[in-house]
Amino acid sequence: MTRPPIAMLAELTHRCPLACPYCSNPLDLVRGAAEMGTEDWARIFREAAGLGVLQLHLSGGEPAARRDLVDLVAAARAAGLYTNLITSGIGLTAARLKALDAAGLDHVQLSLQGTDAAMADAIGGLEGAFARKLEVARQIGEIGFPLTLNAVLHRRNLHQLPRAIEMALELGARRLEVATVQFHGWALRNRDALMPTREQAREAGRIVAEARARLRGRLVIDYVPADYHGDYPKRCMGGWGSTGLNVAPDGTVLPCHAAQTIPGLEFWSAREVPLARIWAENPAFNAYRGTEWMAEPCRSCERKTKDFGGCRCQAMALAGDAGATDPTCVKSPLHADLAARAGAHAAADAAFVFRPAPGRVAV
Ligand code: SF4
Ligand code: FES
């Protein structure tokens with residue numbers, strides 16, 4: 001029998017006031033009119049809890065763009081789920097945060113586009129966003145929500161990593177996620193503008209290791225290294241169909257946020273099919289579950305239950321085959337070429353390509 005998932009990511013909306021060039025949301029965004037309503041989401045939260053999900057991550061786009069966000073949090077809590085709001089902070093006010101607290105929100109994860117207004121507003125494509133974010137962070141601290149700061153780092157802002165660590169401490173965060181940019185969705189269009197250099201990737205690893213040792217007991221630092229410069233891939237989604245699932249704004253249930261880039265997979269909708277049935281029976285979830293689907297070199301590799309062959313979507317994007325070994329793995333026949341291409345991307349001096357409206361909305 002398939003083990004139940006632990007976590008569900010609810011992409012409440014693809015609407016967002018920011019336009020980060022590394023956005024991992026798909027090229028084809030779900031339009032506002034196609035988003036599910038409060039009742040559908042509340043039912044899916046109950047189904048998730050019944051299936052065994054413990055943690056619910058409320059994400060987007062920008063989840064604060066949903067006018068019913070407080071009702072959604074209340075519904076998730078009523079279903080017995082631990083709720084984490086993943087937000088840029090734009091669209092949150094003191095009154096709204098208090099209402100979210102009253103509704104039972106457990107945790108806030110605040111994104112950081114840069115550590116000063118010049119960088120953060122340029123990356124997010126919204127003037128004044130950094131100042132508003134700092135105000136929201138202050139209000140989060142006043143209410144006392146447990147806070148995680150999430151810094152996406154790339155060639156343009158990796159030098160700000162030491163300051164990001166200081167900011168996490170100043171803002172009272174318990175955890176800092178240092179995520180080197182991943183090239184999914186829109187981010188792939190900006191690979192030449194975002195790819196870190198090998199030296200930057202190495203320096204980031206050193207800074208994180210030093211900070212972890214220095215801040216033990218004060219700040220937990222999660223680190224996603226630059227995978228084009230590494231030797232082994234990450235264990236994406238904890239393994240396909242293993243520990244988590246995503247629900248898109250229109251109710252489509254996905255094994256990961258980029259799964260729709262893999263041709264030939266049919267994804268079912270939670271509007272029509274109960275979540276438990278999708279998890280157990282949807283062929284898309286079973287396509288890369290476990291290790292049976294693997295080809296060589298993964299099939300006979302001693303790491304295959306550690307990383308499950310890496311990321312299926314990255315294998316699709318880079319090798320043209322979702323069943324291939326993730327080319328970020330040193331054992332992939334494509335790895336040497338990828339490492340060389342990473343150097344070329346990092347040496348390119350490309351400008352950002354921003355996602356055009358209507359992906360962006362004022363909230
Ligand atoms: Fe992981 Fe496959 Fe590489 Fe082995 S060969 S380390 S299982 S990606
Ligand atoms: Fe789809 Fe990694 S993003 S498996």
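The values are calculated or read from the model by the stated rules, or taken from the named source; none is laboratory data. No experiment lies behind these values; they were computed from the predicted model shown. With ideal geometry, Cβ positions are generated from the backbone for all residues, glycine too; neighbour counts draw on all protein chains shown. In case anyone asks, the SASA skips ligands and DNA or RNA and just uses the protein heavy atoms, side chains included. Shrake-Rupley method; radii C 1.70, N 1.55, O 1.52, S 1.80 Å.
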Considering only the range 313-325, state which residues are within 11 Å of ligand 1 (Cβ to nearest atom) and either surrounded by fewer than 23 Cβ atoms within 10 Å (Cβ to Cβ) or in contact (Cβ under 8 Å) with a residue 24 or more places away in the chain (or both).
Gln314, Ala324, Thr325
Any idea which residue in the range 341-356 is nearest to ligand 2 (Cβ to nearest atom), counting only those that are open to solvent by less than 60 Å² (accessible area, probe 1.4 Å) and in a loop (DSSP other than H, G, I, E, B)?
Arg355
Is it the case that Thr148 is modelled with pLDDT of 95 or more, of a type in the set (Ser, Thr, Tyr) and closer than 26 Å to His57 by Cα?
yes
Answer residue from the range 326-353, given it is touching a Pro at 6+ places or on another chain (Cβ under 7 Å) and closer than 20 Å to His257 by Cβ and is nearest to ligand 1 (Cβ to nearest atom) among those:
Asp326
Restricting the range 296-325 to residues that are of a type in the set (S, T, N, Q) and part of a loop (DSSP other than H, G, I, E, B), which is nearest to ligand 2 (Cβ to nearest atom)?
Thr325
Got at least one residue in the range 70-84 being under 30 Å from Leu194 (Cα atoms), outside any helix (DSSP H, G or I), modelled with pLDDT of 95 or more and open to solvent by 10 Å² or more (accessible area, probe 1.4 Å)?
no
If a residue must be within 9 Å of ligand 2 (Cβ to nearest atom) and either assigned to a loop (DSSP other than H, G, I, E, B) or hydrophobic (A, V, I, L, M, F, W, C) (or both), how many such residues does the range 240-274 contain?
8
Only residues that are charged (D, E, K, R) and at pLDDT below 90: list them for the range 1-21, please.
none
Considering only residues of the range 209-232 that are outside any loop (DSSP other than H, G, I, E, B) and within 16 Å of ligand 2 (Cβ to nearest atom), which is farthest from Ala173 (Cα to Cα)?
Tyr228
Take the conditions within 16 Å of ligand 1 (Cβ to nearest atom), modelled with pLDDT of 90 or more and open to solvent by less than 20 Å² (accessible area, probe 1.4 Å) and apply them to Pro196. Does it pass?
no
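Return the residues of the range 326-340 that are free of Cβ contacts under 8 Å to residues at least 24 places away in the same chain and away from ligand 2 (no atom under 16 Å from the Cβ); say none if nothing qualifies.
So the first thing to find is which residues in the range 326-340 are free of Cβ contacts under 8 Å to residues at least 24 places away in the same chain, and the list is 327, 333-337, 340.
Once the filter is applied, which keeps residues that are free of Cβ contacts under 8 Å to residues at least 24 places away in the same chain and away from ligand 2 (no atom under 16 Å from the Cβ), the range 326-340 yields Pro333, Leu334, His335, Ala336, Asp337, Ala340.
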Taking Ala187 and the conditions (1) without any contact (Cβ under 8 Å) to a residue 40 or more places away in the chain; (2) of a type outside the set (D, E, K, R); (3) within 15 Å of ligand 2 (Cβ to nearest atom), which numbered condition does it fall short on, given that it satisfies the others?
(1)
Restricting the range 41-54 to residues that are touching a residue at least 40 places away in the same chain (Cβ under 8 Å) and touching a Leu at 6+ places or on another chain (Cβ under 9 Å), which is most open to solvent (accessible area, probe 1.4 Å)?
Leu54
May I ask you to list the residues in the range 225-264 that are within 16 Å of ligand 1 (Cβ to nearest atom) and open to solvent by 50 Å² or more (accessible area, probe 1.4 Å)?
Pro225, Asp231, Tyr232, Lys234, Arg235, Met237
Count - residues of the range 6-40 that are touching a residue at least 40 places away in the same chain (Cβ under 8 Å), within 23 Å of Thr83 (Cα to Cα), among the charged types (D, E, K, R) and surrounded by fewer than 20 Cβ atoms within 10 Å (Cβ to Cβ)
1
Return the residue satisfying two criteria in turn: it lies in the range 202-224 and is surrounded by 16 or more Cβ atoms within 10 Å (Cβ to Cβ) and touching a helix residue (DSSP H, G or I) at 6+ places or on another chain (Cβ under 9 Å), and of such residues it is farthest from Asn157 (Cα to Cα).
Leu219
Restricting attention to the range 259-304, the residues that are in contact (Cβ under 8 Å) with a residue 24 or more places away in the chain and of a type in the set (Ser, Thr, Tyr) number exactly 2
Could you figure out which of (1) touching a Gly at 6+ places or on another chain (Cβ under 9 Å); (2) open to solvent by 20 Å² or more (accessible area, probe 1.4 Å) isn't true of Ala129?
(2)
